[in-house]
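The values are calculated or read from the model by the stated rules, or taken from the named source; none is laboratory data. Because the structure is predicted, anything quoted here is derived from the model rather than measured. Methodologically, a virtual Cβ is constructed for each residue, glycine included, from the backbone with ideal geometry; neighbour enumeration extends over all protein chains shown.
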Amino acid sequence: MNNSGSIRSCGECCTRLVNFGVSLGSKPVLDHIDLHMHCGELTAIIGPNGAGKTTLLRAMTGDLPHTGSLRFIHRGNIENSKPLRIGYVPQRIEIDSTSPTTVMDMFASSLSRWPVWLGTRASVHHKTRECLALVGADELINRKLAEISIGQLQRVFLALALIPVPELLLLDEPVSGVDRAGMELFYQTVSRMRKDFDLSILLVSHDLAAAARVADRMILLNRSVLCDGPPGEVLLNPLIRSTFGFGFTADEIPEHDPRGNSLLHDRCQWPREGSGPA
C-alpha cells in the first residue's frame with residue numbers, strides 16, 4: 001500500500017475472456033470474444049445497438065449461459081481456482097416511487113441476514129457508512145431510494161458493488177440519464193476506485209468522447225471484437241464512421257484524463273444524445 005492506503009497496482013493480474021460466446025436460442029449474439037484486462041485498468045466498450053454489449057456483461061456475471069471461459073490470472077501467472085469476484089452496476093435500476101426502502105435498508109439486507117424490520121446492528125450501520133463514504137455518498141444513508149437522483153442512485157449501487165471488493169467491476173452505461181455534473185462525479189469516483197482497489201473495470205458507454213477521456217483501452221464491439229486499443233487509435237479507425245455514421249479527426253480526439261475531471265469543460269461539439277450509439 002502507499003501512504004494514502006491505496007493498493008498499488010502490480011499491472012500483472014489479468015482477467016481473461018477466452019473464446020467467449022453467447023447464443024440466445026439458436027441465434028449467436030457474441031462469437032469468439034478474446035479479451036484480457038489488467039488490474040488497475042479501465043476498459044471502455046462501445047458499439048451500436050444490438051452489438052451485444054449488455055449481453056456480454058450479463059454472461060460474465062453468470063446471468064446468461066456462455067461458451068468459452070472467464071479466467072482470473074494472479075501475478076506470477078497463477079490462475080485463481082475460485083470463482084471470479086464480480087461487481088456489477090446495471091444500466092437501468094427501477095425503483096418503486098412509493099417504496100419506503102432506504103439506502104440503509106438495502107445495504108443491511110446485503111450485509112446481514114438480520115431482518116431489517118428488527119433494526120440495524122451497529123456494525124452493519126458502520127460498514128454501510130464506510131462504503132458510502134468511498135463514493136462520496138455517506139450523507140444518503142438514511143434517504144429513501146425513491147427520493148434520490150439517478151446520479152446519486154448510481155453512486156449508491158457502485159458502493160454496493162464493492163461489497164466484497166471485486167476482482168472485476170462491470171458498469172453497464174452507468175451514467176445514462178445522469179446530468180453532466182453527475183457524470184463527472186461518477187467518473188471521478190470510478191477512476192479513484194480502480195486505483196484504490198486495484199480493480200479491472202469494464203465500462204459500457206454510448207458517449208464515445210467521455211469514455212475516451214477516462215479509459216485506458218477502448219473496444220469496438222459488434223458481436224465480435226472489431227477493434228481494440230488506446231482510445232485515440234480506436235476513434236480514428238474507419239470502422240467508427242462505418243459503424244456509427246460519424247467519426248473523429250485527430251484534432252477532435254479528447255485528451256485523456258484518467259481522473260475524469262474535464263467532462264464539464266468540453267468545448268467541442270460532440271454528437272448529441274441519440275445521434276450516436278446507444
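How many residues are surrounded by fewer than 19 Cβ atoms within 10 Å (Cβ to Cβ) and touching a helix residue (DSSP H, G or I) at 6+ places or on another chain (Cβ under 9 Å) if we restrict to region 41-61?
1
In region 136-166, what count of residues is obtained for those that are crowded, with 22+ Cβ neighbours inside 10 Å and assigned to a loop (DSSP other than H, G, I, E, B)?
1
Got a sec? Which of Leu64, Leu30, Leu70, Leu84 is in contact with a helix residue (DSSP H, G or I) (Cβ under 9 Å, 6 or more places away or on another chain), in a loop (DSSP other than H, G, I, E, B) and modelled with pLDDT of 90 or more? Lay out the reasoning, then the answer.
On the way: Leu30 fails: in a loop (DSSP other than H, G, I, E, B); Leu70 fails: in a loop (DSSP other than H, G, I, E, B); Leu84 fails: modelled with pLDDT of 90 or more.
Going through Leu64, Leu30, Leu70, Leu84 in turn, just one is in contact with a helix residue (DSSP H, G or I) (Cβ under 9 Å, 6 or more places away or on another chain), in a loop (DSSP other than H, G, I, E, B) and modelled with pLDDT of 90 or more: Leu64.
Could you pull out every one of the helices (runs of 4 or more DSSP H) wholly within region 180-260 that has 2 or more residues that are basic (Lys, Arg) and surrounded by fewer than 23 Cβ atoms within 10 Å (Cβ to Cβ)? Show your work before the answer.
Numbers: elements: 180-196, 208-214, 231-235, 238-244.
Helices (runs of 4 or more DSSP H) meeting the threshold: 180-196.
Within region 38-58, can you find the residues that are over 14 Å from Glu173 (Cβ atoms) and hydroxyl-bearing (Ser, Thr, Tyr)?
Thr43
Looking at region 48-64, which of its residues are touching a residue at least 24 places away in the same chain (Cβ under 8 Å) and either in contact with a Lys or Arg (Cβ under 8 Å, 6 or more places away or on another chain) or among the basic types (Lys, Arg) (or both)?
Within region 48-64, Ala51, Gly52, Lys53, Leu64 qualify.
If you check every pair at least six apart or on different chains, which have Cβ atoms under 7 Å apart with a residue in region 1-26 that is over 16 Å from Phe72 (Cβ atoms) first and a residue that is at pLDDT 50 or above and of a type in the set (A, V, I, L, M) second?
If the second residue must be at pLDDT 50 or above and of a type in the set (A, V, I, L, M), the pairs left are Gly21/Leu30; Gly21/Ile33; Val22/Val29; Val22/Leu30; Val22/Ala59; Val22/Leu64; Ser23/Val29.
Would you mind stating whether Ser176 is in a loop (DSSP other than H, G, I, E, B), among the small types (Gly, Ala, Ser) and surrounded by 16 or more Cβ atoms within 10 Å (Cβ to Cβ)?
Here the answer is yes, as Ser176 does meet what is asked.
What is the number of the single condition among (1) closer than 30 Å to Phe246 by Cα; (2) more than 14 Å from the chain's Cα centre (by Cα) that Val175 does not meet?
Going through (1) closer than 30 Å to Phe246 by Cα; (2) more than 14 Å from the chain's Cα centre (by Cα) one by one, Val175 breaks only (2).
Can you spot a residue in region 158-169 that is of a type in the set (A, V, I, L, M, F, W, C), touching a helix residue (DSSP H, G or I) at 6+ places or on another chain (Cβ under 9 Å) and within 21 Å of Leu208 (Cα to Cα)? Talk me through it step by step, then tell me what you get.
Taking region 158-169 first, the residues of a type in the set (A, V, I, L, M, F, W, C) are 158-163, 165, 168-169.
Of the ones still in play, those that are also touching a helix residue (DSSP H, G or I) at 6+ places or on another chain (Cβ under 9 Å) are 158-160, 162-163, 168-169.
Of the ones still in play, those that are also within 21 Å of Leu208 (Cα to Cα) are 169.
Yes, the conditions are met somewhere in region 158-169.
Quick check on Asp138: is it under 26 Å from Leu42 (Cβ atoms) and modelled with pLDDT under 85? Quick ask: steps written out before the conclusion?
Working: under 26 Å from Leu42 (Cβ atoms): yes; modelled with pLDDT under 85: no.
Spelling it out, it is not the case that Asp138 is under 26 Å from Leu42 (Cβ atoms) and modelled with pLDDT under 85.
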